[in-house]
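The next block holds one structure in the form of structure tokens; read it before the comments.
The values are calculated or read from the model by the stated rules, or taken from the named source; none is laboratory data. Everything quoted here is computed from the prediction, not taken from an experiment. Backbone-built Cβ (ideal geometry, glycine too); neighbour counts: all protein chains shown.
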Amino acid sequence: MAAWHPYFGTGDCDAVVATATERGATALVPAIDVPGVGRVAMFRDPFGAVFGVIQRVREV
């Protein structure tokens, strides 16, 4: 089954995980590091919508 989920950029993925879960979201994928991409997490909000957040890695 195909599906898509919106991702929102953030400066602090771990802080978003803490805030979202405190406010009723379920963490489907806890904050993890994805090499070459950044730190990501995915949630289901209290109404059933699935979304993700991404904290991009800064290239030096």
Might you let me know whether region 37-44 holds any residue that is at pLDDT below 95, among the hydrophobic types (A, V, I, L, M, F, W, C) and out of contact with any Phe, Trp or Tyr (no Cβ under 8 Å at 6 or more places or on another chain)? yes
Would you pick out the residues in region 5-60 that are surrounded by 14 or more Cβ atoms within 10 Å (Cβ to Cβ), among the β-branched types (V, I, T) and assigned to a helix (DSSP H, G or I)? V16, V17, T21
Provide a single number: the residues in region 29-60 that are in contact (Cβ under 8 Å) with a residue 40 or more places away in the chain and closer than 12 Å to P6 by Cα. 5
